[in-house]
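Comments concern the structure below.
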Amino acid sequence: MACSADGLPTSEALSLLHEDISIALDEYQKTEAEKNKGFGPKSVLYEAFHHKSSLSVFHWTSVIALIVEGIVLLVAFAACNDPRYQHLPAESFFIFLAVILNVYLVWWDTQLRHKEVPRLTHNVLKDLKEYHGNVLWSAENYPHLHSPLSPCITLQWTRRDGNTVNLPWSLLVRGDIILMKPGQKVPARCRPMQVSSIIFIYS
């Protein structure tokens, strides 16, 4: 990729970002599809109900125990013709209802945990596709070059649209020209440019 000292235009950088995110999302969804086959240790079903899953809050053993309890109550009611046990069918009904409700909620929560990130990523891709052609970012839209370090977001001096801006690592793309300070951690695989010993190309 040919590189200018002015860095990438923002529109081109966002197009590259869209492409990279799309590739990563496709790989993630393929991996998830493989994991969800059967009842293996990586499947959603295993994660939701298996007693060895650290993410399960309602194990299959609890489901079986509650169902058996409900059946026992019904059998006891049928076997004992006693008015004192008229409440047993209602108790059994509420046990079955609680089991169904809990199974549904656990399954829904597990599905949500797996689908929320792809859904939000699709929204990001949609926004990138919509706005990458008419982005009007100026140097003032970025954090100040001398912003203090933050544990929440890592910033990188980057050349964009002919300006040096403080760009979050998550927005760096292939071909970005970055400026490294002494002792600074390299954000990814980079190669030095000839023009300066402190300027690198993000690759």
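Here, each number is a calculation from the coordinates, and none is a lab measurement. Everything quoted here is computed from the prediction, not taken from an experiment. Here Cβ is always computed from backbone atoms with ideal geometry, including for glycine, and neighbour counts include all displayed protein chains.
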Worksheet item: Using unit Cβ charges (K, R positive; D, E negative) and no other charged atoms, how large, in debye to the nearest 20, is the dipole of the chain about its Cα centre?
Response: 520
Discussion item. Restricting the calculation to Cα positions, tell me the Rg (one decimal) and the Dmax (whole number) of segment 92-203 in Å.
Written reply: 22.3, 78
Worksheet item: Who wins for biggest fluctuation among Pro148, Pro192, Pro83 in a Gaussian network model of the chain, springs between alpha carbons below 10 Å?
Response: Pro83
Worksheet item: Given [x] -1.13, -1.21; [y] -1.04, -1.27; [z] -0.99, -1.11, which label gives log10 I(q)/I(0) by the Debye sum over Cα atoms at q = 0.15, 0.17 Å⁻¹ as computed from the coordinates?
Response: [z]
Worksheet item: Remind me, relative contact order of the chain in percent, using alpha carbon pairs under 8 angstrom and six or more residues apart?
Response: 25
Response to the item:
In nanometres, the difference between 0.36 nm per residue of separation and the alpha-carbon distance of Ser170 and Lys126 is 14.1 nm
Item to complete: May I ask you to give the average projected area over all directions of the convex hull of the Cα atoms of segment 63-111, in nm² rounded to one decimal?
Response: 3.2
Worksheet item: How do Tyr46, Tyr131 rank when sorted from fewest to most other Cβ atoms within 10 Å of their own Cβ?
Response: Tyr131, Tyr46
Discussion item. Need one number: convex hull volume per residue for segment 137-202, Cα atoms only, in Å³.
Written reply: 97
Worksheet item: What's the extension gain from Leu145 to Ala79 if we count 0.36 nm per residue and subtract their Cα-Cα distance?
Response: 15.8 nm
Worksheet entry | Amide H contacts under 5 Å for Leu167, placed H, 5+ residues apart | Gln156, Trp157, Thr158
Response to the item:
Correct response: the longest run of the chain lacking exposed trypsin sites (Lys or Arg not before Pro), defined by DSSP loop and at most 14 other Cβ within 10 Å, is 53-184
Fill in: In segment 36-133, lysine pairs with alpha-carbon atoms under 20 angstrom apart (chain gap of 8 or more, or interchain)
5
Practice prompt. Provide Rg over Rh for segment 36-133; use the alpha carbon set for both Rg and the Kirkwood Rh (inverse mean inverse pair distance).
Written response: 1.28
Worksheet item: How large is Rg/Rh for segment 94-144, to two decimals, with Cα atoms and a Kirkwood Rh?
Response: 1.41
